[in-house]
Amino acid sequence: MDFQYWHPAVEKMPRDRLESLQLEKLKAEVGYALKTPFYTSRLAAAGIHSADDIKTLDDLRRIPFTTKHDLREGFPWGFLAIPRAEVVRLHASSGTTGMPTTIYFSRDDIKRWSGFVARCIYGTGCTKEDVFQNMITYGLFTGGLGFHAGGEEVGMLVIPSGAGNTFRQFRLMQDFGTTVVHATPSFLLHVEDRMREAGVKREHISLKRAFAGAEPYSEDTRRRIEGLLHIDVYNSYGLSEMNGPGVAFECQCKNGLHVWEDGYIAEIIDPDTLEPVADGETGELVLTVLCREATPILRYRTRDLTGFYTEACPCGRTHRRLRRITGRSDDMLIINGVNIFPSQIEEVIMGIKEVGNNYLIVVEKYGALDRLTVKTEVGPEIFMDDSRPLNALKERIRATLQASISINPKVELHEGGSLPVSEGKAVRVQDTRPRDV
Ligand code: AMP
Ligand code: ZN
């Protein structure tokens with residue numbers, strides 16, 4: 001196979017040189033961190049007062065972990081390392097309305113980030129001849145603008161189509177000869193369903209590749225999308241705390257995601273003991289950003305469960321590969337690519353006084369997409385046989401949830417005392433989606 005490298009010298013850099021580069025960048029990043037209110041006190045408590053206190057890569061382990069909770073506590077400016085006037089953009093984790101974890105970028109941060117995304121895209125075989133339709137949400141979510149900039153950096157023709165509206169997506173594909181798309185895996189499965197409905201035949205479109213990420217999916221799902229659409233599907237991993245897409249990506253071998261180790265330091269820890277796992281074992285991924293000056297984030301507990309492949313990749317890249325993410329070490333749900341904590345739903349429904357005491361969150365597959373149903377009991381002042389106030393309440397719950405979690409749920413109302421009550425710890429979430437990862 002003819003492999004394509006965006007930065008061959010960096011992508012195939014010998015490990016010892018790559019590690020020296022990481023050390024140099026880590027020191028710089030600790031220097032930025034010491035300009036933020038949050039890390040100034042956090043690092044001082046760990047005996048780190050200047051970048052020179054980091055002498056080897058092992059010193060990374062002296063730095064305490066950073067959690068999503070810390071990011072929220074630091075909102076809005078606690079993690080900012082540069083003057084506000086030097087910030088050119090901000091992004092936030094999907095589905096986080098009301099619980100912001102905001103990341104700021106300088107102009108150079110954006111350039112570096114686009115460079116990593118370009119490296120991922122180019123490494124799958126794309127060139128400036130390609131037409132790239134970015135079928136993912138633009139906005140605070142990083143997937144839209146992140147891939148957009150990476151695609152332009154490669155020189156492809158980028159169509160910022162955004163998510164949804166499948167029929168318009170087909171129109172664009174046919175009008176401009178789209179060769180590559182970016183979407184969630186569930187949306188790609190849904191595209192195939194809709195193509196049949198719309199009478200669009202495979203030979204009407206020129207699609208060759210897709211980048212699929214933002215949510216976990218299995219090897220079977222990848223093969224299924226590849227078979228249905230006759231394309232190559234590449235797994236794309238990222239998170240807003242680490243810029244967004246461009247953290248780890250599959251090369252043409254499609255056997256694991258290379259983490260760009262000149263931009264990030266990846267560790268795998270046991271989520272209970274917080275100690276590193278043995279090489280190749282599964283654990284929680286911890287990431288340190290090495291390519292951002294505006295918002296340094298050190299040893300971030302991603303909560304994503306994965307492990308390293310131990311053998312080298314045939315493509316010749318020296319950056320280690322992660323296995324598919326198999327799940328999370330917390331209760332975060334990913335619904336059609338949007339991150340939601342059950343506590344966010346609870347907060348909204350329990351704030352509505354007509355809602356009773358018990359509720360249940362159901363997540364299921366509805367066709368290729370995910371569907372969220374929120375079942376709540378109603379308080380004693382609501383009569384189940386009077387449909388007008390009942391429908392009004394249902395609509396109010398739905399609209400309030402949609403406004404706060406950016407997902408349109410189905411709402412079901414139940415009589416007080418009728419939803420199942422478990423004997424031990426309350427079971428509030430029923431996730432019936434097949435877990436074939
Ligand atoms: P966000 O910060 O909104 O971009 O969400 C990031 C989270 O989405 C990650 O921490 C993962 O849980 C999930 N995610 C992103 N890409 C993938 C992927 N390729 N496979 C599995 N989960 C993913
Ligand atoms: Zn490779």
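Couple of notes before you dig in:
- Hits in segment 38-93 (condition: touching a residue at least 60 places away in the same chain (Cβ under 8 Å), among the β-branched types (Val, Ile, Thr) and over 23 Å from LEU23 (Cβ atoms)): THR67, VAL87
- Enumeration of residues in segment 79-106 that are at pLDDT below 80 and either of a type in the set (S, T, N, Q) or open to solvent by less than 20 Å² (accessible area, probe 1.4 Å) (or both): SER94, GLY95, THR96, THR97
- Residue ID - modelled with the lowest pLDDT, chosen from residues in segment 1-26 that are more than 16 Å from GLY115 (Cβ to Cβ) and assigned to a loop (DSSP other than H, G, I, E, B): MET1
- Test: ILE334 is away from ligand 2 (no atom under 16 Å from the Cβ), in a loop (DSSP other than H, G, I, E, B) and either among the basic types (Lys, Arg) or under 30 Å from ALA266 (Cα atoms) (or both): no
- Count - residues of segment 10-28 that are closer than 12 Å to HIS319 by Cα and either aliphatic (A, V, I, L, M) or surrounded by fewer than 17 Cβ atoms within 10 Å (Cβ to Cβ) (or both): 9
- Evaluation of ALA248 against (1) within 12 Å of ligand 1 (Cβ to nearest atom); (2) over 17 Å from the mean Cα position of the chain (by Cα) (one fails), failing number: (2)
- Residue that is nearest to THR66 (Cα to Cα) [pool: residues in segment 278-305 that are hydroxyl-bearing (Ser, Thr, Tyr) and surrounded by 23 or more Cβ atoms within 10 Å (Cβ to Cβ)]: THR288
- Criterion: within 28 Å of the chain's Cα centre (by Cα), modelled with pLDDT under 95 and crowded, with 16+ Cβ neighbours inside 10 Å - qualifying residue of GLY74, GLY31: GLY74
The values are calculated or read from the model by the stated rules, or taken from the named source; none is laboratory data. The structure presented is a predicted model; accordingly, all values stated were derived computationally and were not measured. A quick note on method: Cβ atoms are made from the backbone with ideal geometry, for glycine too, and the neighbour counts reach across all protein chains shown. For the accessible areas, the whole protein counts, side chains as well, though only heavy atoms, and no ligand, DNA or RNA atoms are used. Shrake-Rupley method; radii C 1.70, N 1.55, O 1.52, S 1.80 Å.
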